[in-house]
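Working notes, beginning with the structure itself.
The values are calculated or read from the model by the stated rules, or taken from the named source; none is laboratory data. Note that the structure is predicted; figures quoted are calculated from it, not measured. All Cβ positions, even for glycine, are placed from backbone atoms using ideal geometry, and neighbour counts span all protein chains on display. In case anyone asks, the SASA skips ligands and DNA or RNA and just uses the protein heavy atoms, side chains included. Shrake-Rupley method; radii C 1.70, N 1.55, O 1.52, S 1.80 Å.
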Amino acid sequence: MSDNLLEIKDLHIEFRTFDGVVKAINGMSFNVPRGKTIGLVGETGAGKTTTALAVMGLVPSPPGVITSGQILFEGEDVLKMSNLKLRNIRGDKISMIFQNPMTSLNPVYRIGKQMSDVIMMHQNVDRKTAEQRAGDMLEIVGIRRERLNNYPHEFSGGMKQRVCIAMGLSCNPQLLIADEPTTALDVTIQAQILELMKGLKEKYNTSTIFITHALGVVAEIADYVVVAYAGMVIEQGSLKEIFTDPKHPYTKGLFACLPDIDSESSGALKVIPGAMPDPMQLPVGCKFCKRCPEAMKICYMKEPEDIEIAEEHKVRCHLYQMGSKKQ
Amino acid sequence: MIKYICKRVISLLPVLIVVSMLVFLVVHLMPGDPARIIAGEMATEEDVERIRTAYGLDLPLYRQYFNYMRGVLKGDLGTSTRTHRAVSEELAIRFPKTFQLALWATFVAAVLGVGIGILSSSMRYSVLDNVVSFLALLGLATPPFYLGLMCILFFCVNLGWLPISSDVARIALILPVASVSARSLAVIARMTRSSMLEVLGQDYIMMAKAQGFSNRKVVFGCALKNAMTTVITTIGLQFGVLLGGAVVTEKVFGWPGIGDYLVTAIKARDFMVVQSTVLVIALSYVIVNLIVDLLYALINPKIKLS
C-alpha cells in the first residue's frame, strides 16, 4: 500500500441541469499522504466543495453525475463502494466539517445527543459510554462537558465550530475534510480554531484536507498546497515550494492579490482581472488563458499537462513545457 | 415552562374579550329586529314592545353586551328564542358531537397528511410526488360539503355500502370524517412536504449524511422534528377550523353537532343561539391555538428562553 491515505485520480463530475451540463470537476487529481494536511485553495466555483463531497460519496444526485475517475481511500475506490459501506466510512474513517457552523448543528436536539448519536452508531457503544466520550471530546476542544446539555442556539459561532470539530474527531477519523471551517468566523475566532486544529493534528496525526480560499490560513496549517481552478488542479506542491516559488500565473496572481502592509503605496488592492470561465462553456485550451497575463497562442488551443518542476512541485501550464520558455 | 404557560393563558384574556365583543356586534348587525322575530308575525306592536323590554333589547348596545357577558360568565348562554331551551344545555349535547367529528377528522388528516407529506418529500419530483401534489390541490379546492354530497351519492346511493345518515353506529362516522378531513389532509400534506423539503436542504442534514446516518435516520431522526414545528401549527389550526368549520358539512350529513345547530339558528334568526354558539366556537379555537403554542414550545427549544 502506498503511503497515500487518499488518492484522487482524474475525477470528472458534471451537474446535468435544465439549462445545460455544468462541468464542475474536470480531471481533479491529487493525493493526501498519511498524517499530512493538504491545503486545497481556489476561488469560489473552483470545485473544492464538490471534490470534498465526492470523497464522502455525497455529491447530490440528481443533478450531479460522476462521469469518470477514481477516489482511492486506503486503496479502495470510494465511488464503487456500496451505500452501506460508504455509510460506515462516513463520520467514522472520513469526517467532514462544514463551512457554516451556525447552521451545521441540528437546532432541535441537545448537542450531547447529536454527538453521542454519531459515536453510538460507529463505535457500537451504549448511550452512557458515548456521552462520556462526547464529553471528553468537548473538553479537548475547550468546552466544558456540562454544555452537552445545551442546544446549539446556546453557543456562539466559534463554539459551534468547536462542537463540529469535536463531533468530526469523535470517532478518530483517518481523514478529516474541513470545508472552509473558518470562513464564517471572525478573525480572532479564526485564529483560535486554526490553533485548535493544528494542535489536534499533531495529537492525533489525522490526515486533513483543508479547503479554503485564504492563503494566509493555508500557510498556517498545510503541509502541501493544491491550487484548484475550474475543477482541476493547476499547481500543487509542498507548502514551501508553492509559497516561495509559485509557478503558475494564477498562483502568482493569487499571491499578488494579498495586500502588503509593508508597502508604502496605498493604492487599490490588486485583483486577477476577469472571472472563472462559465462551467457550461469551458474553453478548449487552458482554462485560465483568458485571464492569464502570460498567455501564448498554444494556451488557447491545447490543454496543458502536469509538468513536474521540482520534487513535490507540479504545475499545469504551457510556460513550463519542454521547448517553450524555460523556467 | 409553567411560567410560560401562565404567560400564554393570561395573554389570552384580552383576545377573548375582543372576540366576544366582535361576535356580539356582528350578531346585532344581522338584519331583522330580534324582538319582532321573537314575537312572531301575528304579534301586535304592543307585544313587540313588551318583548323588547322583557329581553332587555331596548337598552343601549353596551348595556346589552354587559348583561349578556354577565350571564356568560355565570355559565348562562341565553335561551333559544325558537325552542325556548337553554343554549348551554343544547351545546352540552351538541358540542361533544362536533368535537368527536373534528377530533377524528384531524386525527385522520394528521396521520395521513404527515405520512403522505414525508413520502412525497423524500421522493421529490417522482410520479408519486406529482400525483400527491395534484390530489392535494384538488382537495384544497373542493368544498367539504360538496365532497360530502358526492360521497353520499356514490357510496350510499349508488353503491349502498354505507348508511346515509345516523349517528348511532361507528360506521356512520366514516363519510363525515372523510369529507371533513379531506381538505385538512391536503393542507397538512402540502405543509409537511414543503417543510420537509426546506429542512432537508439545511446544512445540518448534509452534516448528518456526512456522519454516516442512513437515509431513513436522516429523515425521521434529524429532519422530522424540525419540520414538525410548522406542521404542528398547521394541524392545530386545522383542528380549530374543523371545530367550527364543519358547519355546512354537518348539515349535509344530518350530524347533530353545533354546525347543524348554528345553521338552523341562523335561518331562524335565533340570535341568542347564533351569538353563543359562535362565541363557543371562537373560544375553542383560541384554546386549540393555546395548546398548539405550548406543543410548539415543547418541540422548539429556542422558545423556552424567550
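Here are a few things to note about the model shown:
- Relative compactness, the range A:267-325, computed as alpha-carbon Rg over 2.2 N^0.38 Å: 1.28
- Shielding score for A:94-103, defined as the mean number of other chain Cβ atoms within 10 Å: 3
- Whole-Hz ³J(HN,Hα) from phi, Karplus 6.51 cos²θ - 1.76 cosθ + 1.60, for the range B:62-68, glycine and proline x: 5, 5, 4, 4, 5, 4, 4
- If R0 is taken as 41 Å, the Cβ-Cβ distance between B:Ile10 and B:Tyr146 corresponds to a FRET efficiency of 0.45.
- Amide N of the range A:65-100 lying under 16 Å from the label point, which is placed 7 angstrom from the Cα of A:Asn124 along Cα→Cβ: A:85, A:88-89, A:92-93
- On Cα atoms only, tilt of B:174-200 relative to the major axis of chain B in degrees: 40 degrees
- Taking A:His12, A:His248 and ordering them by how much accessible surface each has at a 1.4 Å probe, largest first, produces A:His12, A:His248.
- Multiplying the residue separation of B:Arg85 and B:Val127 by 0.36 nm and subtracting their alpha-carbon distance yields 9.6 nm.
- Compared with the dominant Cα axis of chain B, that is its longest principal axis, helix B:271-299 is turned about 20°.
- Kirkwood Rh and Cα Rg combined as Rg over Rh, evaluated for the range B:125-239: 1.13
- Exposure rank, largest accessible area first [A:Thr208, A:Thr129; 1.4 Å]: A:Thr129, A:Thr208
- Choice from B:Ala35, B:Ala136, B:Ala265 with maximal GNM fluctuation in chain B (Cα, 10 Å cutoff): B:Ala35
- Residues B:Met196, A:Met301, sorted by accessible area with the largest first, give A:Met301, B:Met196 [1.4 Å probe; ligands and nucleic acids excluded].
- FRET efficiency for B:Leu295 and A:Asp278, using Cβ-Cβ distance with R0 set to 51 Å, rounded to 0.05: 0.55
- Overall form of chain B per C-alpha gyration tensor (a/c, 1.5; a/b vs b/c): oblate
- Shown in residue order for the range B:85-94 are the 3J(HN,Hα) couplings computed by the Karplus curve 6.51 cos²θ - 1.76 cosθ + 1.60 at θ = phi - 60°: 9, 5, 5, 4, 5, 4, 5, 4, 7, 7 Hz (x for Gly and Pro).
- By the Cβ-Cβ criterion of under 4.7 Å, the unpaired cysteines of the protein assembly as shown are A:Cys164, A:Cys171, A:Cys257, A:Cys292, A:Cys317, B:Cys6, B:Cys151, B:Cys156, B:Cys222.
- The calculated FRET efficiency for A:Tyr204 paired with A:Leu269, based on their beta-carbon distance and R0 = 35 Å, is about 0.40.
- Along chain A, counting only trypsin sites (Lys or Arg not before Pro) with a DSSP assignment other than H, G, I, E or B and at most 14 other Cβ atoms inside a 10 Å radius, the longest segment between sites is A:1-143.
- Relative packing of B:18-27, B:174-183, which averages over residues the other C-beta atoms within 10 Å, highest first: B:174-183, B:18-27
- Remark: the range A:89-97, residue by residue, has Karplus-estimated 3J(HN,Hα) of 7, 4, x, 9, 8, 10, 10, 10, 10 Hz, where x stands for each Gly or Pro and the curve is 6.51 cos²θ - 1.76 cosθ + 1.60 at θ = phi - 60°.
- Distance from the range A:172-193 to the range A:76-136 (C-alpha centre basis), Å: 17 Å
- Exposed loop sites here mean GluC sites (Glu not before Pro) with a DSSP loop assignment and at most 11 other beta-carbon atoms within 10 Å; chain A contains its longest site-free run at A:1-263.
- Neighbour cut-off at most 12 other Cβ (10 Å), DSSP loop, chymotrypsin sites (Phe, Trp or Tyr not before Pro), the range B:77-141: B:Tyr125
- Accessible area per residue in Å² at 1.4 Å probe, computed on chain B: 52 Å²
- Between A and B, roughly 2100 Å² of accessible area is buried in total, ligands, DNA and RNA not counted and the probe set to 1.4 Å.
- Each stretch of four or more DSSP H residues adds -39500 (n - 2.57); spread over every residue of chain A, this sum gives -9000 deg cm²/dmol at 222 nm.
- Seen against the Cα atoms of chain A and their longest principal axis, helix A:127-140 is set at about 50 degrees.
- Cα-based equivalent ellipsoid of chain A: semi-axis lengths in Å, sorted from largest, via gyration tensor: 36, 23, 18
- For the protein assembly as shown, the C-alpha radius of gyration divided by 2.2 N^0.38 Å, with N the number of residues, is 1.35.
- Non-local Lys pairs in the range B:97-268, i.e. 8 or more apart or on different chains, that have alpha carbons under 24 Å apart: 6
- Span from the the range B:257-306 Cα centroid across to the the range B:47-105 one, whole angstrom: 17 Å
- For the segment A:144-156, counting C-beta atoms of other chains within 10 Å of every residue's C-beta and taking the mean gives 1.
- Bins of 10 Å from zero: percent of alpha-carbon pairs in the range A:72-227: 11, 40, 36, 13, 0
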